[in-house]
Amino acid sequence: MSLSPGVLLRQGFLALIALFLAAPLIVVVSVSFNATRRMSFPPTEFSLRWYRAFFSDYGWMASLERSLTIAGLAALVSVAVALPITYAIWRYQAKVAALLAGIGGALFLIPGVVAALMLSAFWGVTGHVGRLENVVLSHAIVLLGIPLSLLMVGFRTIDQAQVEAAYTMGARDSDAFRMVVRPAMTPYILCAFVFVFVLSINEYLIAYMVAGFTVQTLPIKIFANMRQGYEPTMCVAAVIFMAMGFSAFALMSKVADLPRLMGRTRPLED
Amino acid sequence: MRAAELSVQASGVATAPGRERWVLAGLLTAPGLYILIMAVVPAFLMVQLSLAHREVAGLWSPGFELTQYRQLATPLFARIMGFSLMLALAGALICVSLALPAAYFITRMRRRAQVAWLVFLLGSLSLSEVLIVFAFQVLLSTSGTLAGALTTVGLLAPGASLYPNFPAVLTCLVYLLLPYVILFFYPALSQLDPEVEQAAATMGASRLSTFTRVVLPMMRGQILTGVLLVVIFTFGAYLTPLVLGRPPQWTIAIHINNAAMGAGNLPLAAAYAVSVVAFMVALLVLTRVLSRRKASEA
């Protein structure tokens, strides 16, 4: 590739975008390794003391564990709900399933604060308030659009000729599922799970409005600390978030065809 | 087409008549109930709540009154909605004009570079708003580098802070939304046939005019939907204006939250929320009409 002005301009533009997106993260990561209590950037002296403080603090550890539990369960529920719906659409073109998927997708399109209010009113009316499962079920429904669309992409990639061949050879639905559908869908299911997991662990407003006073997740605890003033351990919590998010998606790119998952259908050579 | 044929054939071969209905019932009952209870019921509940009668101490009783909606017919509410929309449109303008070329360049990269960008974008889009707002607070604080650099250059008075103010809110919103908008444009741009661009190039069009004359017109509907996406997100944004803005920069989300959690007036919060959703639906219809009209013109 020659370094024409056009190429330089393009690379420069993309570099600026990357810098913009990376800048706040670089600041937080470097401040977390700073030895002083004062928030100063660039850091003056390297130290791991805030990491030690974070991992030996009962409150932070409890929040981290709570967030991981909620995210794991929410991802499980939302994938478990999306899978039969998308399968019914793909296999039977069921109108009811399409309707359910439509409602699930629509929820993803309403402003976050409205969804949070709706769900907090709902739990208030049921009288079942301040519980961990409220957050799990609320996250699972709001994020349902993600597994719905990712699993739909997955089902579309299944080679219809292969399924057809299986049926003409007398295969039953269960055989076709085991031989063709399951292996093809495993990476997509995994990706949907990871995606919901990561978004749930980062979600603040719904968790706060549904059960925030009693179920303190990691984002809620960071925000509560922010209001009380700066504390270097918050940066450590932030770094943990980033590390989890980026490694989850890096892992996803190893398991699945990421460009295709994000909606590219045109073949892409290496 | 193939899928339809296949299903007809499959139901002939593998499924007895009537069996399909039982299979579907088995598949869809539990997910259907879950969606009904967790999505449809809360939506109706919110509408009912907005018409309910407010009692003391954060309580309410079912009713059918327009008290809360009447409270919305004030200049204050119009100002809040107007500000939220203005913020959203400013954010949309910046996001779309950055995201379109960025997504276009990314879709033309080699696979490895594309995957790296996708991981980076997905990673940053999933970061908690709490975390981003906190990072911006650190970045913009009086003792931060940015303020220091600006003070040295003389653009900022010593000791002055870069937030809370409108630019800080807008920058943080753009930060939060940019990965979303790039990823939103990604599928459509990656579907564009490279041959179309090559054809334009052989006919003597420069890369820039190919982009503006061939690529952009094809993306009209997508661009409008992208703007809508930014508007929806901005109306729902809570932490960014709260932490990085002053009360005049508070969006509708903060007022909804304050009514619900602070003042304990759930009916008012619900009336706000219902109005926001109605506004979104109106915008959605508008973008549909606009993109259809533009498509028929093209």
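Numbers at a glance
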| quantity | calculated |
| --- | --- |
| Nearest-0.05 FRET efficiency for A:Thr157 and B:Thr202, computed from C-beta distance (R0 35 Å) | 0.55 |
| Cα shape, chain A, gyration tensor, a/c 1.5 rule | oblate |
| Folded to 0 to 90 degrees: helix A:145-157 orientation relative to chain A principal axis, Cα | 40 |
| Segment B:21-145: C-alpha gyration tensor shape, a/c 1.5 cut-off, then a/b vs b/c | oblate |
| Alpha-carbon centroid distance for the pair segment A:63-122 / segment B:60-108, whole angstrom | 24 |
| Prolate/oblate/rounded call for segment B:75-297, Cα gyration tensor, a/c under 1.5 rounded | oblate |
| Compactness index (Cα Rg / 2.2 N^0.38 Å), segment A:122-248 | 1.49 |
| Dimensionless Rg over Rh [segment B:171-298; C-alpha; Kirkwood] | 1.13 |
| Binned Cα-Cα distances of segment B:82-204, short to long, each 5 Å bin given as a whole percent | 2, 10, 15, 15, 15, 14, 12, 7, 5, 4, 1, 0 |
| Loop-located chymotrypsin sites (Phe, Trp or Tyr not before Pro) in segment A:187-248 whose Cβ has at most 14 other Cβ within 10 Å (DSSP) | A:Phe213 |
| Whole-Å semi-axes of the protein assembly as shown's equivalent ellipsoid (Cα gyration tensor) | 38, 32, 25 |
| Nearest-ten-degree value, helix A:95-107 long axis tilted from longest Cα axis of chain A | 10 |
| Isotropically averaged projected area of segment A:216-270, using the convex hull of Cα atoms (one quarter of hull area), nm² | 5.7 |
| Choice from A:Val236, A:Val96, A:Val129 showing the highest fluctuation, given a GNM over chain A with Cα pairs closer than 10 Å | A:Val96 |
| Mean Kyte hydropathy of 1.0 or more with a Cα span along the axis of at least 18 Å, helices from DSSP in chain B | B:75-107, B:111-125, B:166-191, B:220-236, B:266-297 |
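Coordinate-derived values only; no laboratory data. Keep in mind it's a predicted model, so treat the numbers as computed, not measured. Positions of Cβ are generated from backbone atoms using ideal geometry, with glycine treated the same way; all protein chains shown enter the neighbour counts.
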